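Trainee: My questions will all concern the structure given below.
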Amino acid sequence: MAPRLLLALAVACLAADCRAHFVNFTLPTLPYATTLFEPNIDNATMTIHYTKHTQTYATKLNDAILTTCLGQGLALTPLSQLVQKVGASVPCGAKLCKAIRNADCEKAVRNQGGGLFNHGLFFLHNLAPTGAQDYETHASRALRDAVKQAFGSYDTLKANFSTTAAGVFGSGWAWLVYNPATRKLSITTTPNQDNPMMGLFTPRSYAILGLDVWEHAYYIKYQNRRADYITAFLNGKIINWQGVSLLYAKAVNGQYPNLNVLDLQQGPWRVMS
Ligand SMILES: [Fe+2]
């Protein structure tokens, strides 16, 4: 976009609320009471983590869309597709160019977009109130077969996931992912708010279950005892296995990258134009 047109658009945005003309990422009301995760995750953490931390990612991403990302052709891009552009290249003439050309915009999409996407996955598709679901009853047959193929057993999956999550240095996430190249599940980690489907990672894979191991996710209740938090997540019956199964089915069918901002069963993210 020409600098003069970009400046005109920025001025117009200041003069009138132009947010209505762009994707505006909003947080839906959680589909459960935040008190229902005791004793595994305390109410204060659930509340602050969603209404403060997650909201901040949405606010900062929306701000970036209207500032550093203007002219990048991203204004109407759904979140799941936006995140995949980080670190990715696209053909431009005879060579490859960065999918997000502006470095500040890419940084914002990586950190704020990644943060919003990861937390959306965590809160809206990976968590269920304590005791509401269990693996044997609520995980699909297809997912349980895939777990058995990849890990041998669910107990081995949990042991590997626990070790991996505990080993994240600093802030980051542990993931159960589907790798479309091998067509198998595996466990991986990403630093900060990166996601395995960003173009930063080869091969790209699609997260179906994530655990936030930033200190803000557990410090009020567990302080330095991250291992206890991980154990509560894996053994406290707070995983939404129906949601994980649905994400797995989407990933296997090649639909996961095309999801419109994870518009799935519970609390879909709304994209307003
Ligand atoms: Fe978090």
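Trainee: Return a yes/no flag: does region 93-110 have any residue that is within 16 Å of the ligand (Cβ to nearest atom), assigned to a helix (DSSP H, G or I), in contact with a Phe, Trp or Tyr (Cβ under 8 Å, 6 or more places away or on another chain) and under 19 Å from residue 200 (Cα atoms).
Mentor: Filtering region 93-110 for residues within 16 Å of the ligand (Cβ to nearest atom) gives 110.
Next, from what is left, pick out any that are assigned to a helix (DSSP H, G or I): 110.
In the following step, the residues that additionally are in contact with a Phe, Trp or Tyr (Cβ under 8 Å, 6 or more places away or on another chain) were identified as none.
Checking region 93-110: not a single residue is within 16 Å of the ligand (Cβ to nearest atom), assigned to a helix (DSSP H, G or I), in contact with a Phe, Trp or Tyr (Cβ under 8 Å, 6 or more places away or on another chain) and under 19 Å from residue 200 (Cα atoms).
Trainee: Within region 37-65, how many residues are within 16 Å of residue 130 (Cα to Cα), within 12 Å of the ligand (Cβ to nearest atom) and either free of Cβ contacts under 8 Å to residues at least 60 places away in the same chain or assigned to a helix (DSSP H, G or I) (or both)?
Mentor: The qualifying residues number 2.
Trainee: Let me ask something else. Quick check, is residue 168 among the hydrophobic types (A, V, I, L, M, F, W, C), at pLDDT 95 or above and part of a loop (DSSP other than H, G, I, E, B)?
Mentor: The answer is yes for residue 168.
Trainee: Just to be sure before I move on: is residue 151 within 21 Å of the chain's Cα centre (by Cα) and either more than 16 Å from the ligand (Cβ to nearest atom) or farther than 28 Å from residue 55 by Cα (or both) in the structure I sent? Break it down into steps so the answer makes sense when it comes.
Mentor: Working: within 21 Å of the chain's Cα centre (by Cα): no; either more than 16 Å from the ligand (Cβ to nearest atom) or farther than 28 Å from residue 55 by Cα (or both): yes.
So residue 151 fails the test.
Trainee: Would you call residue 250 away from the ligand (no atom under 16 Å from the Cβ), among the charged types (D, E, K, R) and in a helix (DSSP H, G or I)?
Mentor: Taking the combined requirement at face value, the residue satisfies it.
Trainee: Then there is this: Report, by residue number, each residue of region 225-234 that is within 14 Å of the ligand (Cβ to nearest atom) and in contact with a Phe, Trp or Tyr (Cβ under 6 Å, 6 or more places away or on another chain). If you could, list the steps in order and put the result at the bottom.
Mentor: Our first condition is that a residue be within 14 Å of the ligand (Cβ to nearest atom); within region 225-234, this holds for 226, 229, 233.
Hit for region 225-234 is 229, nothing else.
Trainee: Sticking with this structure for a sec: For residues in region 225-244 being in a helix (DSSP H, G or I) and closer than 30 Å to residue 76 by Cβ, which is modelled with the highest pLDDT?
Mentor: Ranking the qualifying residues of region 225-244, first place goes to 244.
Trainee: Name the residues in region 153-194 that are among the aromatic types (Phe, Trp, Tyr) and closer than 10 Å to residue 211 by Cβ, would you?
Mentor: Our first condition is that a residue be among the aromatic types (Phe, Trp, Tyr); within region 153-194, this holds for 154, 161, 169, 173, 175, 178.
Passing the criteria: 161, 173, 175.
Trainee: Something else about it: Considering each residue of region 175-224, count those that are closer than 25 Å to residue 151 by Cα and either assigned to a loop (DSSP other than H, G, I, E, B) or more than 16 Å from the ligand (Cβ to nearest atom) (or both), and give that number.
Mentor: Final tally of qualifying residues: 26.
The values are calculated or read from the model by the stated rules, or taken from the named source; none is laboratory data. The structure presented is a predicted model; accordingly, all values stated were derived computationally and were not measured. Note: ideal-geometry Cβ built from the backbone for every residue, glycine included; neighbour counts use all protein chains shown.
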